[in-house]
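The values are calculated or read from the model by the stated rules, or taken from the named source; none is laboratory data. No experiment lies behind these values; they were computed from the predicted model shown. Cβ: placed from backbone, ideal geometry, glycine included. Neighbour counts: every protein chain shown.
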Amino acid sequence: MANLSNKKVAILTESGFEEVELTSPKKALEEAGATVHVISPQQGHVRGMNHHEWSAEVPVDVNIADAKAEDYDALMLPGGVFNPDQLRTNEHALRFIKDMFKEAKPVAAICHGPQSLIDAEVVKGRKLTSYHSVKKDLINAGANWVDEEVVVDMGLVTSRTPDDLAAFNEKMIEEIAEGSHKDRMRS
């Protein structure tokens with residue numbers, strides 16, 4: 001496994017994230033040595049869901065209004081139905097996502113997580129995957145949607161469901177270890 005001891009990763013979320021889609025990548029990143037900050041519009045903590053039931057609370061490290069993309073090496077977006085639906089209407093969250101893409105920093109999104117990328121206007125021409133119910137939205141936004149366990153497109157890592165977490169975590173860590181893809185960007 002890659003060593004991420006010199007990397008700082010933002011996990012951007014609202015309440016209503018799918019618990020395992022935040023806790024599993026967070027644990028994998030920390031085990032690889034990364035410093036991980038949970039960033040949210042919420043103060044204090046965010047609350048996850050285990051399928052359709054409210055579950056664990058996770059402390060918020062940084063409010064999104066105070067977060068700057070320049071302070072992070074990568075971004076991770078967990079899924080859940082409520083989480084991305086709220087983030088996609090938050091201007092601070094969308095700015096943060098856009099800034100990460102402008103710098104071609106690695107971004108990882110699982111399940112419903114890519115919904116936020118639609119409103120950030122960063123999916124056009126990108127190959128990615130998501131939970132099946134988000135497929136049409138991503139296609140309509142110009143993405144090349146595929147039904148695969150994990151998809152990597154120039155530092156953007158996407159997966160479909162919690163069943164894909166092992167492959168998702170592995171590719172996410174690999175892309176973060178590689179760093180910015182700015183020198184490899186399409187013209």
Search the range 1-14 for residues being surrounded by fewer than 22 Cβ atoms within 10 Å (Cβ to Cβ) and over 18 Å from I97 (Cα atoms), and hand back the single one that is modelled with the lowest pLDDT. M1
Out of all the residues in the range 1-10, which are within 18 Å of D61 (Cα to Cα) and touching a helix residue (DSSP H, G or I) at 6+ places or on another chain (Cβ under 6 Å)? K7, V9
Return a yes/no flag: does the range 73-81 have any residue that is over 24 Å from G142 (Cα atoms), surrounded by 16 or more Cβ atoms within 10 Å (Cβ to Cβ), at pLDDT 95 or above and out of contact with any helix residue (DSSP H, G or I) (no Cβ under 6 Å at 6 or more places or on another chain). yes
Is it true that S24 is at pLDDT 95 or above, of a type in the set (S, T, N, Q) and assigned to a loop (DSSP other than H, G, I, E, B)? no
Every residue in the range 1-22 that is closer than 20 Å to D73 by Cβ, more than 12 Å from the chain's Cα centre (by Cα) and not charged (D, E, K, R), please. M1, A2, N3, L4, S5, N6
Give me the pairs, please: first residue somewhere in the range 1-13 and within 24 Å of I64 (Cα to Cα) and among the hydroxyl-bearing types (S, T, Y), second residue anywhere and modelled with pLDDT under 95 and crowded, with 21+ Cβ neighbours inside 10 Å, beta-carbon distance under 7 Å, and either six or more positions apart or on two chains. none
Please find, among V38, V62, the residue that is at negative phi and crowded, with 20+ Cβ neighbours inside 10 Å. V38
Checked the range 47-73 for anything assigned to a strand (DSSP E or B) and under 20 Å from A10 (Cβ atoms); matches are R47, G48, A56, E57, V58, P59, V62, N63
